[in-house]
Amino acid sequence: MLNLDETVNFQPKSYDLLAIGEILVDLISTEYDEDSSGGTYQRFFGGSPSNIAMNTTKLGIRSAVASAVGEDSLGTFLKSQLQRAGMNTDSIQTVQEATSMVMLTKSTSTPVPIFYRGADYKLAYTTELEQQLENSKILHFSCWPISRAPARQTLEKAIGIAQDNGMLICFDPNYHEKLWEAGEDGISYVKSFIAKSDIIKPSEDDAERLFGKHSPETYIEKFLELGARLVILTLGKDGAVVSNGRTSEAFPSLATEVVDTTGAGDAFWSGLYAGMIKGLTLRESVSMGLAVSAFKLQYAGAVVDLPGLEVIGSLYRI
């Protein structure tokens with residue numbers, strides 16, 4: 001059982017975190033405009049697992065991402081951003097599809113995405129990916145790679161390798177119906193991955209898309225019933241609730257200024273992972289996740305210029 005007052009023990013590995021899933025371009029409007037009619041958009045590095053790998057590198061832990069881009073200028077832009085951050089790009093595959101994009105309206109609440117998918121779900125299982133798995137402590141994935149083949153089969157195989165190697169397996173159940181093929185029961189498929197995961201972090205919106213409208217307490221019960229070991233339910237301005245099935249605890253938000261919510265959940269994951277790897281307890285790591293998210297919320301875009309983990313900890317008194 002994962003207890004809030006304890007640290008997570010990891011085996012010595014070359015990498016701390018391997019994030020598998022989408023890398024893409026976020027096109028975010030320069031103005032707040034809920035119907036997406038604004039004419040000007042700005043290009044940002046994006047893709048939840050890739051955001052997390054980038055953020056955690058800035059926070060001082062060793063991270064890598066496995067994903068796929070197209071042989072185009074957008075793919076070159078994304079790889080160059082990873083390289084500028086000092087990250088290894090050996091597991092970024094180049095495929096014969098356009099680099100994926102998401103269009104978002106700048107928002108102080110939950111942004112509504114429009115998906116343009118191409119290269120991201122062409123991720124194949126390779127020798128390089130297997131080597132990264134065997135040499136990492138944590139496996140992180142989201143709903144994007146499991147929503148379409150061949151990335152789905154790649155992720156399923158990766159989870160088996162991660163289980164055999166004693167990795168901590170973490171799942172962001174960020175279900176969106178439009179990621180799936182028409183007629184496919186994506187919700188049931190997402191639920192089937194919960195028991196394979198040690199930590200899951202749904203937002204309240206994620207939980208509602210999977211279970212319908214309920215209270216936070218009911219959402220947590222449903223995730224636990226499906227086999228999650230630790231559930232972290234983020235609630236926007238109301239912070240987060242964490243439960244391992246025996247104890248539950250509420251954590252207040254640390255945000256004081258909200259410019260753009262894009263990537264706030266990714267920032268939370270990033271602080272959580274960096275805290276765990278740095279030897280903080282799970283309780284301290286959850287607080288660090290909220291601190292990194294609060295820092296990110298002050299800026300537009302999913303990936304911002306984060307200071308080191310110790311600096312953020314001092315800013316928010318963690």
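In the chain, the DSSP beta bridges split such that about 40 percent are antiparallel, to the nearest 5.
Computed over protein heavy atoms with a 1.4 angstrom probe, the accessible surface ordering of SER29, SER215, largest first, is SER215, SER29. Shown are VAL241, VAL112, whose ranking by accessible area with a 1.4 Å probe and every protein chain present, most to least, is VAL112, VAL241. If you sort the three axes of the alpha carbon gyration tensor as a ≥ b ≥ c, you get a/c of 1.5 or more for region 198-255 and a/b no higher than b/c, which makes it oblate. For region 75-211, averaging the sequence separation of C-alpha pairs within contact (under 8 Å, six or more residues apart) and dividing by the residue count gives a relative contact order of 18 percent.
Please go through the residue pairs LYS196/LYS222; LYS137/LYS213; LYS213/LYS278; LYS58/LYS157; LYS13/LYS58; LYS196/LYS296 and name each one whose alpha carbons sit more than 25 Å apart in this structure.
Among LYS196/LYS222; LYS137/LYS213; LYS213/LYS278; LYS58/LYS157; LYS13/LYS58; LYS196/LYS296, the Cα-Cα distance tops 25 Å for LYS137/LYS213; LYS213/LYS278; LYS58/LYS157; LYS196/LYS296.
Would you work out the relative contact order for the chain, in percent, from Cα pairs under 8 angstrom that are 6 or more residues apart?
Reported as a whole number, the value is 20 percent.
Taking every protein chain into account, the 1.4 Å probe leaves MET54 with about 10 Å² of accessible area, to the nearest ten.
Dividing the summed -39500 (n - 2.57) terms of all DSSP H runs of n ≥ 4 by the residue count of the chain sets its mean residue ellipticity at 222 nm at -10000 deg cm²/dmol. Rolling a 1.4 Å probe across all protein chains gives THR247 an accessible area of roughly 80 Å². ILE318 sits with roughly 80 Å² accessible to a 1.4 Å probe, with DNA, RNA and ligands left out of the calculation.
Remark: the chain carries 41 Å² of accessible area per residue (probe radius 1.4 Å; ligands, DNA and RNA excluded). Taking a ≥ b ≥ c as the square roots of the eigenvalues of the Cα gyration tensor of the chain, is the shape rounded (a/c under 1.5), prolate (a/b larger than b/c) or oblate? In terms of gyration-tensor shape, rounded.
Couplings 3J(HN,Hα) of region 62-79, computed from phi: 8, 10, 9, 10, 10, 7, 9, 10, x, 8, 8, 5, 5, x, 4, 4, 5, 5 Hz, in residue order, whole Hz [Karplus 6.51 cos²θ - 1.76 cosθ + 1.60, θ = phi - 60°; x for Gly and Pro]. Name the most mobile residue of SER197, SER285, SER188, meaning the one with the largest mean-square fluctuation, in a Gaussian network model of the chain with Cα contacts below 10 Å. Highest fluctuation of the listed residues: SER188. Placing +1 on the Cβ of every Lys and Arg and -1 on the Cβ of every Asp and Glu, with nothing else charged, gives region 222-318 a dipole about its Cα centre of roughly 320 debye. Nonpolar atom fraction for the chain, defined as the carbon and sulfur part of the 1.4 Å probe accessible area, stands at 46 percent. Note on GLU134 and ASN88: the model spin-label points, each 7 Å out from Cα along the C-beta direction, lie 1.3 nm apart.
Normalising the average separation of contacting C-alpha pairs (under 8 angstrom, six or more residues apart) by the number of residues puts the relative contact order of region 167-279 at 20 percent. Taking a straight Cα-Cα cut-off under 17 Å and skipping sequence neighbours fewer than 8 places away in the same chain, the aspartates and glutamates within cross-link reach of LYS201 are ASP172, GLU217, GLU221, GLU225, ASP238, GLU249, ASP266, GLU284.
The values are calculated or read from the model by the stated rules, or taken from the named source; none is laboratory data. Nothing here was measured: the structure is a model prediction, and the numbers come from that model. Positions of Cβ are generated from backbone atoms using ideal geometry, with glycine treated the same way; all protein chains shown enter the neighbour counts. Side chains are part of the model used for accessible areas, which takes the heavy atoms of the whole protein and leaves out ligands, DNA and RNA. Shrake-Rupley method; radii C 1.70, N 1.55, O 1.52, S 1.80 Å.
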